[in-house]
Amino acid sequence: MTTAIVTPAPRRRFDLSWPILIGFSAVLCALIVLPMSWLVFYSFTDKGRFTLENFVKLATDPTFTAPLLTTVIIATSSAIICCAVAAPMGWLVARTDMPLRRTVRALVTASFVTPPFLGAIAWELLAAPNSGMLNQLYRAAIGDPGAEPLFDIYSLGGLIFVISCYTFPYVFVLVANALDRIPGDLEDASSILGGRALVTARRVTIPLALPALLAGALVAFLQAMTLFGSPAILAMPAGFHTMTTKIWSLFQYPPKPELAAAASLPLLVLTVLLLRAEAMILGRRSYAVVGGKQGDPRLVQLGVWKWVALGVALFVLMNPVFLPYGALLNAAFSPVATQLVTFSTATLHNIHFVFFELSATKLAFRNTLVLGVLSATVGTLIAVVIAYITARRAITGWRGLAFLATAPVAVPGIVLGVGLFLSYTRPPFVLYGTLWILLIAFVTIALPAAYQQLQSAFRAVNPDLEEASRILGATRLQALGHITAPLLRTSVIATWCFIFVGVIRELSAAIILFTSETKVISVLIFDLNESGDLGAISVLGLIMLAVTFAVVIAINRIPGFGGARLRNT
Amino acid sequence: MKLTRRTFLASSCAAFATRVAAAPPAEAVTPALIEAAKKEGKLAFYTAMDLPVAERFAKAFEAKYPGVAVRVERSGAERVFQRIAQEQASNIRAVDVVNTADAAHLIVWKRNGWLEAYVPEDVARHFPPEHQDPDGTSALTRVWLSSLGYNTNLVKAEDAPKSFADLLDPKWTGKMVKAHPAYSGTIMTATFQIARDLGWGYLEKLARQKVMQVQSSTDPPKKLALGERAVMADGNDYNLIQLKERGQPVEVVYPTEGTPFVTGPTAIFKAAPSPNAARLFQSYLHSREGQQLLVDFARQHSLHAQVTEKPGARKLSEIRLMKDDAAGVEAQAEEIKARYAKIFGV
């Protein structure tokens with residue numbers, strides 16, 4: 001180990017980093033490689049014997065090829081919509097003098113923490129073709145109660161819309177964060193050299209934000225592709241399947257895990273290809289922008305246009321936040337979920353039902369909170385280490401680690417659920433029926449996004465700073481602790497919240513891994529949706545959102561975090 | 001086969017075993033049982049019945065036997081079935097009592113040897129003998145129908161469909177909602193009876209009517225009440241009756257071809273973590289009190305001889321019914337799910 005020779009430190013300052021790095025790598029392998037191995041193994045078998053039949057069926061049976069095509073259409077459209085909406089909004093918030101920028105950021109946070117299945121249910125209340133409140137309003141406005149609906153949420157377009165509503169924050173966060181970190185000096189240099197606003201944007205700002213935008217597009221595509229909740233709620237009434245709902249249906253009795261495993265492999269392959277493409281695009285340039293000196297970002301003066309910008313931003317935010325929250329609030333107090341509540345019709349029946357009759361409420365909330373805190377803590381720890389290793393290329397084989405940390409994004413939560421189910425229902429690790437198996441699932445699912453986020457944060461911190469510290473005699477860990485960690489504090493807190501919120505939103509793995517004693521809120525809401533209990537869903541959903549916001553805000557205010565402001569989660 | 005002493009012994013043992021397997025004597029609720037149940041303190045009730053109904057049973061039971069908490073685990077019967085299979089296969093013993101909406105499940109559970117024989121006194125005394133399980137491993141808790149229905153704001157009574165055949169009229173295209181046999185036991189049972197009596201051709205034609213597809217049979221009545229669809233192609237009658245009594249604009253239609261007849265038995269699992277609480281709950285569900293709640297609140301039908309119907313309620317004997325056949329459903333369940341998915345696309 002060259003560092004040990006170079007460092008003129010006494011023996012007691014032995015660099016602990018290698019054992020730690022290797023330990024974490026092993027954990028990562030166990031988290032991801034084990035269930036994936038079972039999946040691949042299963043995909044080539046049928047009741048224990050080797051076969052390629054699953055893949056033949058996958059490629060030829062229209063009940064599989066149609067959902068695959070649908071899924072690709074949904075993922076592509078959602079990624080494009082997300083980038084088209086989120087990138088300009090990220091720019092407005094980070095680099096212009098648009099009013100209420102902090103409020104807009106907070107509202108994007110709100111749309112991020114909204115579970116997609118809850119959003120989908122809220123949009124059913126709003127835009128179901130006949131009972132949807134927006135369609136009712138439209139019919140009342142034109143005075144024709146029999147008119148064709150203005151919106152039909154039970155359609156491919158409706159599903160893409162709802163998925164985009166709750167996926168665009170991923171892109172927004174990445175873009176806005178990247179723009180925050182671009183020092184004003186570079187843009188100033190451009191203007192001093194005579195570059196006008198557009199030229200500066202084209203030559204400086206956009207290229208520097210490009211990696212974040214590409215990463216955002218990638219995350220959006222993969223999120224949309226592997227999402228289960230929204231399709232499960234909207235696709236069935238619309239009469240089609242996506243890959244995730246199809247895979248879920250394969251676990252109906254009698255379950256066909258072999259086929260499900262095979263059906264998940266195309267998604268995995270697609271993701272690998274996308275990751276390769278991203279690496280090729282980004283690999284040739286260096287994007288370190290946070291160095292020893294940094295100028296403050298320069299804000300673009302929009303003039304009167306700033307009010308237009310604000311109007312557009314608020315209009316966009318109506319779709320994921322204002323309208324759905326309003327619909328849920330209305331349904332919570334209304335005797336009929338899609339009727340506008342008035343003082344005379346308002347009822348506390350739903351609230352009474354959820355708190356005093358629904359026997360699953362307390363347990364589900366407890367499970368969800370315990371899992372949220374544990375997963376966020378464990379997941380952030382792992383993501384930090386892996387992101388550090390890959391960003392600094394600290395050990396040989398870092399590429400493999402980067403792949404492993406990103407790979408779970410290609411595995412629909414539901415399939416990961418089955419992989420874990422197969423791995424942990426037999427000795428020596430019997431974890432099914434405990435919260436541990438859900439913890440493993442949630443950490444694994446959260447890892448790719450957490451890792452991506454921290455890795456781009458690491459990438460933006462110039463290694464010079466760490467190197468300076470190590471030349472002065474610090475070990476790798478000390479350099480991390482004294483130099484890198486303070487610089488990354490905001491990102492780390494953001495990642496913690498990111499995972500916590502992700503756990504609360506998670507449905508697809510939980511739907512396979514829960515037992516009646518380890519039920520979480522998302523599964524409870526999903527079960528309530530199955531039987532159409534919209535009032536109870538609204539109450540539970542609103543409480544869930546309140547708890548989420550409370551935790552995010554509280555973490556943000558803890559004095560120990562040195563007043564670090566959580567700007568984007 | 002030569003008759004040796006050993007084979008003779010074996011066959012007489014088998015004969016003895018069958019006699020033992022017959023229903024055990026009926027048991028009353030004793031103070032000892034209540035005490036033992038309280039010591040266990042809780043039970044898990046897996047069920048497919050509409051959630052507010054299940055929670056109402058749970059709360060009424062808790063009020064009668066304080067100290068025994070009931071946790072309701074509710075989803076569509078086919079998902080309950082899947083859940084139990086998954087848990088049993090992994091040696092997770094979580095379920096105490098299960099009430100399903102697909103009587104075929106009892107055949108499978110019994111065959112697997114998972115069920116505990118227990119006959120509550122009320123079942124032996126007041127339930128018709130032909131509806132009593134010969135082994136005493138389950139009791140027929142509730143009966144209801146998978147009817148048609150319509151929203152009275154959207155459809156006038158004279159225009160409403162009267163039969164399954166009426167649903168194929170082009171005027172209902174895009175206006176109907178139905179539930180799914182891979183999620184709902186009611187719909188699995190109903191689909192079996194409809195396919196048997198009307199043929200799959202009917203379902204193929206129905207699928208061309210652009211029917212909105214939901215999961216649980218408890219959902220179509222609620223979608224009707226919202227006005228999301230005008231007509232319900234299947235679902236259940238009890239939710240419609242509840243909604244109507246609450247002033248919602250819905251009406252039940254029992255189709256002229258006959259209405260699918262659904263039975264919902266309840267059983268105790270052998271490996272129940274709270275066996276005494278399970279017995280106490282089973283006794284309560286089938287007591288006169290529990291069964292009266294089933295009729296008055298849940299608006300389903302009871303087989304308990306002492307239970308009184310609400311005045312004005314339709315009696316089962318006044319409705320033309322399709323015949324239930326749990327064994328037939330058990331044999332065809334997989335084929336029904338596959339064929340249905342092919343026809344309806346989901």
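Structure values in brief
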read-out: For B:His304: the one exception among (1) more than 24 Å from B:Pro129 (Cα to Cα); (2) buried (at least 16 other Cβ atoms within 10 Å of the Cβ); (3) in contact with a Lys or Arg (Cβ under 7 Å, 6 or more places away or on another chain); value: (1)
read-out: Test for B:Glu55: is it within 7 Å of chain A (Cβ to nearest Cβ), crowded, with 17+ Cβ neighbours inside 10 Å and assigned to a helix (DSSP H, G or I); value: yes
read-out: Among residues of the range A:419-443, those that are closer than 18 Å to A:Ser522 by Cα and either in a helix (DSSP H, G or I) or away from chain B (no Cβ under 14 Å) (or both), counted; value: 9
read-out: Set B:Ala298, B:Ala313: member being surrounded by 18 or more Cβ atoms within 10 Å (Cβ to Cβ) and more than 27 Å from B:Thr30 (Cα to Cα); value: B:Ala298
read-out: Residue tally, condition at pLDDT 85 or above and within 21 Å of the chain's Cα centre (by Cα), over the range A:236-290; value: 6
read-out: Residue list for the range B:299-346, filter: hydroxyl-bearing (Ser, Thr, Tyr) and in contact with a helix residue (DSSP H, G or I) (Cβ under 8 Å, 6 or more places away or on another chain); value: B:Ser302, B:Thr308, B:Tyr340
read-out: Members of the range A:93-110 that are surrounded by 22 or more Cβ atoms within 10 Å (Cβ to Cβ), part of a helix (DSSP H, G or I) and not charged (D, E, K, R); value: A:Val93, A:Ala94, A:Val104, A:Val108, A:Thr109
read-out: Filter result for A:Asp185 (in the same structural domain as A:Arg101 (by TED's automatic domain parsing) and in a helix (DSSP H, G or I)); value: yes
read-out: Residues within the range A:138-153 that are surrounded by fewer than 16 Cβ atoms within 10 Å (Cβ to Cβ) and either outside any loop (DSSP other than H, G, I, E, B) or not assigned by TED's automatic domain parsing to the domain that holds A:Leu234 (or both), tallied; value: 3
read-out: Only one of B:Gly247, B:Gly235, B:Gly264, B:Gly201 that is of a type outside the set (Asp, Glu), touching a residue at least 12 places away in the same chain (Cβ under 8 Å) and surrounded by fewer than 24 Cβ atoms within 10 Å (Cβ to Cβ); value: B:Gly264
read-out: Identity of the residue in the range B:58-77, within 14 Å of the chain's Cα centre (by Cα) and at the interface with chain A (Cβ under 7 Å from one of its Cβ atoms), that ends up farthest from A:Glu530 (Cα to Cα); value: B:Arg74
read-out: Residue ranges of helices (runs of 4 or more DSSP H) in the range B:274-346 with at least 1 members aliphatic (A, V, I, L, M) and touching a strand residue (DSSP E or B) at 6+ places or on another chain (Cβ under 6 Å); value: B:275-285, B:288-296
read-out: Hits in the range A:493-540 - residues which are facing chain B (nearest Cβ under 10 Å) and among the aromatic types (Phe, Trp, Tyr); value: A:Phe514, A:Phe526
read-out: Where B:Asn153 falls short, out of the listed (1) crowded, with 18+ Cβ neighbours inside 10 Å; (2) in a loop (DSSP other than H, G, I, E, B); value: (1)
read-out: Enumeration of residues in the range A:318-348 that are more than 16 Å from A:Leu528 (Cα to Cα), part of a helix (DSSP H, G or I) and either more than 33 Å from the chain's Cα centre (by Cα) or among the small types (Gly, Ala, Ser) (or both); value: A:Gly326, A:Ala327
read-out: Some residue of the range A:529-539 being over 15 Å from A:Ile414 (Cα atoms), modelled with pLDDT under 90, small (Gly, Ala, Ser) and in a helix (DSSP H, G or I); value: no
read-out: Selection count, the range B:326-346, where residues are without any contact (Cβ under 8 Å) to a residue 40 or more places away in the chain, over 21 Å from A:Pro67 (Cα atoms) and within 10 Å of chain A (Cβ to nearest Cβ); value: 1
read-out: Restricting the range B:86-117 to residues that are in contact with a Gly (Cβ under 8 Å, 6 or more places away or on another chain) and either among the basic types (Lys, Arg) or at pLDDT below 95 (or both), the residue that is farthest from B:Val70 (Cα to Cα); value: B:Ser90
read-out: Of the criteria (1) within 14 Å of chain B (Cβ to nearest Cβ); (2) at pLDDT below 90, which one A:Ser111 fails; value: (1)
read-out: Count of the range B:236-248 residues which are within 10 Å of another protein chain (Cβ to nearest Cβ) and part of a loop (DSSP other than H, G, I, E, B); value: 3
read-out: Residue match in the range B:117-136 (condition: buried (at least 24 other Cβ atoms within 10 Å of the Cβ), away from every other protein chain (no Cβ under 13 Å) and either in a helix (DSSP H, G or I) or out of contact with any strand residue (DSSP E or B) (no Cβ under 8 Å at 6 or more places or on another chain) (or both)); value: yes
read-out: Output for the range B:80-100, where each listed residue is buried (at least 24 other Cβ atoms within 10 Å of the Cβ) and facing another protein chain (nearest Cβ under 8 Å); value: B:Phe81, B:Val95
read-out: Residues that are at the interface with chain A (Cβ under 8 Å from one of its Cβ atoms), in a loop (DSSP other than H, G, I, E, B) and either under 23 Å from the mean Cα position of the chain (by Cα) or of a type outside the set (Lys, Arg) (or both), drawn from the range B:212-229; value: B:Val214, B:Gln215, B:Ser216, B:Thr218, B:Gly227, B:Glu228
read-out: For A:Thr71: the one exception among (1) at pLDDT 85 or above; (2) of a type outside the set (Phe, Trp, Tyr); (3) farther than 30 Å from A:Ala201 by Cβ; (4) over 21 Å from the mean Cα position of the chain (by Cα); value: (4)
read-out: Only one of A:Ala106, A:Ala110, A:Ala94 that is over 16 Å from A:Pro231 (Cα atoms), of a type outside the set (S, T, N, Q) and touching an Asp or Glu at 6+ places or on another chain (Cβ under 9 Å); value: A:Ala94
read-out: Residue tally, condition among the acidic types (Asp, Glu), surrounded by 15 or more Cβ atoms within 10 Å (Cβ to Cβ) and under 25 Å from B:Tyr254 (Cα atoms), over the range B:316-341; value: 2
read-out: Exclusive hit being in contact with a Leu (Cβ under 9 Å, 6 or more places away or on another chain), assigned by TED's automatic domain parsing to the domain that holds A:Gly132 and in a loop (DSSP other than H, G, I, E, B), set A:Leu310, A:Leu314, A:Leu302; value: A:Leu302
read-out: Identity of the residue in the range A:30-68, of a type in the set (A, V, I, L, M) and either within 14 Å of chain B (Cβ to nearest Cβ) or in contact with a Gly (Cβ under 7 Å, 6 or more places away or on another chain) (or both), that ends up farthest from B:Phe344 (Cα to Cα); value: A:Met36
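The values are calculated or read from the model by the stated rules, or taken from the named source; none is laboratory data. Quick caveat, the model's predicted, so the values are computed rather than measured. For neighbour counting, all protein chains shown are included, and Cβ atoms are generated from backbone atoms with ideal geometry for every residue, glycine included.
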